[in-house]
Amino acid sequence: MTMMMINKGINLFIQEKRMKMTKKQKGFIQLSMMLSVLVLSISLLSYTSAGQGRGMNRGSNMPNFESFDINKDGYINEQELIEARSMRISSRIQQGYQMRNTANITPFQEIDTNSDGKISPDEFSVQQKQHQMGRQRPQ
């Protein structure tokens, strides 16, 4: 007996069983298959929105100074900081990240440690390091 004959026999058996099924049974099978797909989709969505499917490189997606220095003058003023943060938050939400602790964003005045009305690359770097230190979990 060849593989082709076996497949043909299996297909005939399946067709015979389908013919004997009532409409109600066929509908039940379709419904159960659709529910299975729905449950799987929800599970995958929950898994990725919880951050589980994204890897463990926390902090590797930290913004750089250049992405905040919108006018490219070598400093970040308060308006640039607000605009860059807004764009970043919007982008992250669209990517499916849950935005927690946005109420705890460091104010401009705390990052501008010398109070000259602009954030230098050094001040930005210090703030980034402090932010990362705050995000690390105690071991």
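The values are calculated or read from the model by the stated rules, or taken from the named source; none is laboratory data. Keep in mind it's a predicted model, so treat the numbers as computed, not measured. Cβ: placed from backbone, ideal geometry, glycine included. Neighbour counts: every protein chain shown.
Name the helices (runs of 4 or more DSSP H) wholly inside region 1-96 in which the number of residues that are in contact with an Asp or Glu (Cβ under 7 Å, 6 or more places away or on another chain) and at pLDDT 75 or above is 1 or more. Let's see the steps before the verdict.
Working: elements: 3-20, 23-49, 65-68, 78-94.
Per the criteria, 65-68, 78-94.
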May I ask you to list the residues in region 97-112 that are at pLDDT below 95 and either assigned to a loop (DSSP other than H, G, I, E, B) or outside the structural domain of residue 71 (by TED's automatic domain parsing) (or both)? 97, 98, 99, 100, 101, 105, 106, 107
Tell me, please, whether a residue that is in contact with a Lys or Arg (Cβ under 9 Å, 6 or more places away or on another chain) and exposed (fewer than 13 other Cβ atoms within 10 Å of the Cβ) can be found in region 77-88. no
